[in-house]
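Q: Take this structure, written in structure tokens, and hold onto it; I'll ask about it next.
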Amino acid sequence: MTTPDHQSPEPRPTAKDVIYRSPMALVAGVLLLALACWLGFDALVRGHGRTPWLALAALILAVPLVVAFTLRPAVFSGEDRLRVRNPFRSVTLPWGEVASLRSGYTNEVVANSGDKYQLWAIPVSLRARKKAARRQARVDAAARGGRSGGFGGLGLGGVLGGTGDDDGPTRAESDQIIADLRATAERRGPAGTAQGDVTVRWAYEVIAPAVAGAVLLVVLLAVG
């Protein structure tokens with residue numbers, strides 16, 4: 001008989017996934033959906049002849065595409081896996097299957113098999129990257145000036161070289177996110193629970209209505 005003193009330990013709670021999304025894409029998606037619904041429903045209510053049908057077909061086509069490219073993309077970083085939700089498919093990679101994370105003109109994850117998957121939810125901003133590089137250059141220049149005691153040993157090089165633009169991160173946000181994901185991959189990759197196969201699932205809930213709307217629109221235009 002098991003006594004209360006020898007009860008099995010409670011399972012350790014699983015940490016929640018860290019979710020990365022593009023705030024600008026979310027704002028743009030909401031605005032585009034509001035505009036599409038306003039114009040579409042206005043055409044449905046006030047339109048004549050084929051106009052309501054064309055508006056309906058356009059809505060069935062446009063709404064899933066807007067959702068796919070703005071509201072849907074997200075990256076979920078968990079303890080055992082990286083889940084990438086792109087416009088038309090979702091990819092789940094155990095950390096043990098992540099070979100690398102690359103940041104260039106786009107951000108992407110490379111699996112051990114060599115397959116590459118773009119991270120739509122983490123877009124690259126070249127403007128933010130250049131601003132961060134300028135801040136880093138000023139920080140480095142200020143450090144060199146402080147060590148050398150610029151301006152006759154007064155140590156004013158860093159002070160006089162500073163501007164309001166120095167306040168802020170010295171790495172672009174998307175680059176910092178990729179660095180965090182790399183660190184997680186290195187830390188969790190060898191774990192036994194972070195092994196498995198890469199799985200890919202197509203987003204038929206987005207593809208099907210968009211195709212239906214496109215077919216309906218083509219038919220209406222062809223019939224004239």
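The values are calculated or read from the model by the stated rules, or taken from the named source; none is laboratory data. Because the structure is a prediction, the values reported are computed rather than measured. Backbone-built Cβ (ideal geometry, glycine too); neighbour counts: all protein chains shown. All accessible areas refer to the heavy atoms of the entire protein, side chains included, with ligands and DNA or RNA removed. Shrake-Rupley method; radii C 1.70, N 1.55, O 1.52, S 1.80 Å.
Q: Looking for whichever is in contact with a Gly (Cβ under 9 Å, 6 or more places away or on another chain) and either open to solvent by less than 60 Å² (accessible area, probe 1.4 Å) or not basic (Lys, Arg) (or both) here; the options are Ala74, Ala62. Which one fits?
A: Ala62
Q: Can you find a residue in region 144-155 that is hydrophobic (A, V, I, L, M, F, W, C), part of a loop (DSSP other than H, G, I, E, B) and at pLDDT below 60?
A: Start the filter on region 144-155 by keeping residues that are hydrophobic (A, V, I, L, M, F, W, C), which leaves 151, 154.
Filter once more, keeping what is part of a loop (DSSP other than H, G, I, E, B): 154.
Adding the requirement that they be at pLDDT below 60 leaves 154.
Yes: one or more hits.
Q: Further question on the same structure: Every residue in region 84-98 that is over 11 Å from the mean Cα position of the chain (by Cα) and either open to solvent by 10 Å² or more (accessible area, probe 1.4 Å) or under 9 Å from Ala121 (Cα atoms) (or both), please.
A: Phe88, Arg89, Ser90, Thr92, Pro94, Gly96, Glu97, Val98, listed by residue number.
Q: Moving on to the next point. Looking at Leu59 and the list (1) touching a residue at least 24 places away in the same chain (Cβ under 8 Å); (2) under 18 Å from Leu119 (Cα atoms), which single condition is not satisfied?
A: Exception for Leu59: condition (2).
Q: Right, something else. From the list Leu82, Leu65, exactly one residue is in a helix (DSSP H, G or I) and either modelled with pLDDT under 85 or touching a helix residue (DSSP H, G or I) at 6+ places or on another chain (Cβ under 8 Å) (or both). Which is it? Steps first, answer last, please.
A: Working: Leu82 fails: in a helix (DSSP H, G or I).
Exactly one of Leu82, Leu65 is in a helix (DSSP H, G or I) and either modelled with pLDDT under 85 or touching a helix residue (DSSP H, G or I) at 6+ places or on another chain (Cβ under 8 Å) (or both), namely Leu65.
Q: Restricting to region 27-58, count the residues that are at pLDDT 95 or above and either surrounded by 15 or more Cβ atoms within 10 Å (Cβ to Cβ) or β-branched (Val, Ile, Thr) (or both).
A: 6
Q: I've got another one for you. Take the residues in region 103-118 that are assigned to a loop (DSSP other than H, G, I, E, B) and in contact (Cβ under 8 Å) with a residue 60 or more places away in the chain; name whichever of them is surrounded by the most Cβ atoms within 10 Å (Cβ to Cβ).
A: Keep residues of region 103-118 that are assigned to a loop (DSSP other than H, G, I, E, B), which gives 104-106, 112-115.
The next check asks that each one be in contact (Cβ under 8 Å) with a residue 60 or more places away in the chain; those that pass are 113, 115.
Values: Ser113: 10, Asp115: 14.
Checked region 103-118; the qualifying residue surrounded by the most Cβ atoms within 10 Å (Cβ to Cβ) is Asp115.
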